[in-house]
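Structure record follows, encoded as structure tokens.
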Amino acid sequence: MLYTEIDSPLGTLLLTGRPSATAPGGTALSSLSVPGQKNAATIGADWRREPAAFTEAARQLDAYFAGDAKDFTLEFAVQGTEFRQKVWDALDSVPYGATTTYGEIAARIGASRIAVRAVGGAIGANPLLVLRPCHRVIGANGSLTGYAGGLERKQLLLGLEGYRG
């Protein structure tokens, strides 16, 4: 596993990844986590620090935090159940500056209203904070709820994107 750490307005981001299977010399990201995050990746003894492998990810993140980019064009290599993959794919379709609810994500993937709790679990297990915009999911009543990186970070990200809810 390759990794690097980069500074951001959210604190030091830990990025992990593997060599890309489709883009020679590229890196497919497997996680992006923030300090104190619930279920954050931890650096393994056999991991290799390789900042150069994450140059493009760092460039795109810097542009996002500077307000110069609204989406990411990076390769992801994350593991998850079929259900989680569907939820994560639905997150990818929530546009910059917009929000959605857990119920709306459930509806997008064809899950019943009863599955909203499972949708919340899948969103909470998102290994790619910021890159896969789980921060754009809010409660049905408009409240900022549940974010593995902490509600202050969720509020910061939404504010950066112009959300004033």
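The values are calculated or read from the model by the stated rules, or taken from the named source; none is laboratory data. Quantities reported herein were computed from a predicted structural model and do not represent experimental measurements. Here the Cβ is made from the backbone with ideal geometry for all residues, glycine too, and neighbour counts use every protein chain on show. With ligands, DNA and RNA removed, areas are computed over all heavy atoms of the protein, side chains included. Shrake-Rupley method; radii C 1.70, N 1.55, O 1.52, S 1.80 Å.
Filter the range 125-155 down to the residues that are of a type outside the set (A, V, I, L, M, F, W, C), loosely packed, with under 15 Cβ neighbours inside 10 Å and in a helix (DSSP H, G or I) and list them by number.
Once the filter is applied, which keeps residues that are of a type outside the set (A, V, I, L, M, F, W, C), loosely packed, with under 15 Cβ neighbours inside 10 Å and in a helix (DSSP H, G or I), the range 125-155 yields only 152.
Condition first: among the acidic types (Asp, Glu) and either within 23 Å of residue 88 (Cα to Cα) or open to solvent by less than 20 Å² (accessible area, probe 1.4 Å) (or both). Now tell me which residues in the range 28-61 satisfy that.
Listed by number, the list holds a single entry, 56.
For the range 93-113, enumerate the residues that are outside any loop (DSSP other than H, G, I, E, B) and either open to solvent by 70 Å² or more (accessible area, probe 1.4 Å) or farther than 19 Å from residue 125 by Cβ (or both).
104, 107, 108, 113
Name every residue in the range 9-19 that is farther than 15 Å from residue 51 by Cα and open to solvent by less than 30 Å² (accessible area, probe 1.4 Å), in order of residue number.
Hits for the range 9-19 are 10, 11.
So is residue 83 at pLDDT 95 or above, open to solvent by 40 Å² or more (accessible area, probe 1.4 Å) and either in a loop (DSSP other than H, G, I, E, B) or of a type in the set (Phe, Trp, Tyr) (or both) or not?
Answer is yes for this residue.
When both residues are 6+ apart or on different chains and their Cβ atoms are under 6 Å apart, which pairs have a first residue that lies in the range 73-101 and is within 17 Å of residue 130 (Cα to Cα), and a second that is open to solvent by 40 Å² or more (accessible area, probe 1.4 Å) and part of a strand (DSSP E or B)?
77/18
With respect to residue 67, is the statement that it is surrounded by 13 or more Cβ atoms within 10 Å (Cβ to Cβ) and in contact with a helix residue (DSSP H, G or I) (Cβ under 8 Å, 6 or more places away or on another chain) true? Give the steps one after another, and end with the answer.
Details: surrounded by 13 or more Cβ atoms within 10 Å (Cβ to Cβ): no; in contact with a helix residue (DSSP H, G or I) (Cβ under 8 Å, 6 or more places away or on another chain): yes.
For residue 67, the condition - surrounded by 13 or more Cβ atoms within 10 Å (Cβ to Cβ) and in contact with a helix residue (DSSP H, G or I) (Cβ under 8 Å, 6 or more places away or on another chain) - is not met.
Before we move on, is residue 74 within 20 Å of residue 148 (Cβ to Cβ), open to solvent by 30 Å² or more (accessible area, probe 1.4 Å) and touching a helix residue (DSSP H, G or I) at 6+ places or on another chain (Cβ under 7 Å)?
Working: within 20 Å of residue 148 (Cβ to Cβ): yes; open to solvent by 30 Å² or more (accessible area, probe 1.4 Å): yes; touching a helix residue (DSSP H, G or I) at 6+ places or on another chain (Cβ under 7 Å): yes.
Spelling it out, residue 74 is indeed within 20 Å of residue 148 (Cβ to Cβ), open to solvent by 30 Å² or more (accessible area, probe 1.4 Å) and touching a helix residue (DSSP H, G or I) at 6+ places or on another chain (Cβ under 7 Å).
Which one of these does residue 78 not meet: (1) in a loop (DSSP other than H, G, I, E, B); (2) within 28 Å of residue 164 (Cα to Cα); (3) within 12 Å of the chain's Cα centre (by Cα)?
Status for residue 78: all satisfied but (2).
Could you list, in sequence order, the residues of the range 1-43 that are of a type in the set (A, V, I, L, M, F, W, C) and outside any loop (DSSP other than H, G, I, E, B)?
Filtering the range 1-43 down to residues of a type in the set (A, V, I, L, M, F, W, C) leaves 1-2, 6, 10, 13-15, 21, 23, 28-29, 32, 34, 40-41, 43.
Those that are of a type in the set (A, V, I, L, M, F, W, C) and outside any loop (DSSP other than H, G, I, E, B): 2, 6, 13, 14, 15, 28, 29, 32.
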